[in-house]
Amino acid sequence: DTGVSQNPRHKITKRGQNVTFRCDPISEHNRLYWYRQTLGQGPEFLTYFQNEAQLEKSRLLSDRFSAERPKGSFSTLEIQRTEQGDSAMYLCASSFDREANQPQHFGDGTRLSIL
Amino acid sequence: RKEVEQDPGPFNVPEGATVAFNCTYSNSASQSFFWYRQDCRKEPKLLMSVYSSGNEDGRFTAQLNRASQYISLLIRDSKLSDSATYLCVVNIVGSARQLTFGSGTQLTVLP
């Protein structure tokens, strides 16, 4: 499968715990994005990497959130001291900047539930 | 006001019907436009890009009106498998080139 891969698919944890998600983009894609989606809403942008550089962060990305893409390939998103409001689907997408219109291709997401 | 607005629906149409979705965006500097499809509890999947001249892909036709900041999607001869949420998506100009999504329009095609 050459699509965007995310794991775990589901994560259930108690409030206050730390969680980490992983995203493996399509191999030739140099751009990687994290989004968050809650029920009844479209995905909301969190952060973006061009290769290994994190170039943009949304104001939605509080200090408890950190994302890395150490070698310009896979990325991790960590949430520290989780809160109930963090419950959402976390989506990763990737794109190639030389593809016309640069569409983003999404992974199937990690669904986070905070108890 | 949301940056991308869509009628949330739901739209319930019989098989074979033609259905149209509309979307407006607020940032006139927007550069790229897309329709994504999202099935229940699944990831968004690119349905089609939207070009200034309008474009068609089989039963699907997308139109863009930059002057009115309006995007549309027309589905002809709808199939049961078209049932999904359709997301209007705009690429707002900026260094990040992140996508801005509407909240989606829910479509159910009935037998």
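The values are calculated or read from the model by the stated rules, or taken from the named source; none is laboratory data. For clarity, every value in this text was computed on a predicted model and none was experimentally measured. Note that we place each Cβ from the backbone using ideal geometry, even for glycine, and neighbour counts take in every protein chain shown. The area values use the complete protein model at the heavy-atom level, side chains included, leaving out ligands, DNA and RNA. Shrake-Rupley method; radii C 1.70, N 1.55, O 1.52, S 1.80 Å.
A compact table of results
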{"item": "Selection within segment B:19-37 - small (Gly, Ala, Ser) and more than 14 Å from chain A (Cβ to nearest Cβ)", "result": "B:Ala20, B:Ser26, B:Ser28, B:Ala29"}
{"item": "So A:Thr110, is it open to solvent by less than 40 Å² (accessible area, probe 1.4 Å), in contact (Cβ under 8 Å) with a residue 24 or more places away in the chain and more than 27 Å from B:Asp39 (Cβ to Cβ)", "result": "no"}
{"item": "Test: residue in segment A:83-90 that is surrounded by fewer than 16 Cβ atoms within 10 Å (Cβ to Cβ), touching a residue at least 40 places away in the same chain (Cβ under 8 Å) and not aromatic (Phe, Trp, Tyr)", "result": "yes"}
{"item": "Only one of B:Gly58, B:Gly16, B:Gly9 that is surrounded by fewer than 13 Cβ atoms within 10 Å (Cβ to Cβ), farther than 24 Å from A:Trp34 by Cα, touching a residue at least 24 places away in the same chain (Cβ under 8 Å) and away from chain A (no Cβ under 11 Å)", "result": "B:Gly16"}
{"item": "Residues of segment A:44-66 that turn out to be surrounded by 14 or more Cβ atoms within 10 Å (Cβ to Cβ), closer than 21 Å to A:Asp86 by Cα and touching a Lys or Arg at 6+ places or on another chain (Cβ under 8 Å), as a count", "result": "4"}
{"item": "Long-range neighbours under 9 Å by Cβ, at least six apart or interchain, first residue more than 17 Å from B:Gln6 (Cα to Cα) and in contact (Cβ under 8 Å) with a residue 60 or more places away in the chain within segment B:68-92, second acidic (Asp, Glu) and open to solvent by 40 Å² or more (accessible area, probe 1.4 Å)", "result": "B:Asp77/B:Glu15; B:Ser78/B:Glu15; B:Lys79/B:Glu15; B:Leu80/B:Glu15"}
{"item": "Search result, residues across segment A:91-107 that are open to solvent by less than 40 Å² (accessible area, probe 1.4 Å) and within 15 Å of the chain's Cα centre (by Cα)", "result": "A:Leu91, A:Cys92, A:Ala93, A:Ser94, A:Ser95, A:Gln104, A:Phe106, A:Gly107"}
{"item": "Checklist (1) part of a loop (DSSP other than H, G, I, E, B); (2) in contact (Cβ under 8 Å) with a residue 60 or more places away in the chain applied to A:Glu78, failing item", "result": "(1)"}
{"item": "Filtered residue count, segment A:1-43, keeping only those that are in contact (Cβ under 8 Å) with a residue 12 or more places away in the chain, facing chain B (nearest Cβ under 10 Å) and either surrounded by fewer than 17 Cβ atoms within 10 Å (Cβ to Cβ) or touching a Pro at 6+ places or on another chain (Cβ under 6 Å) (or both)", "result": "4"}
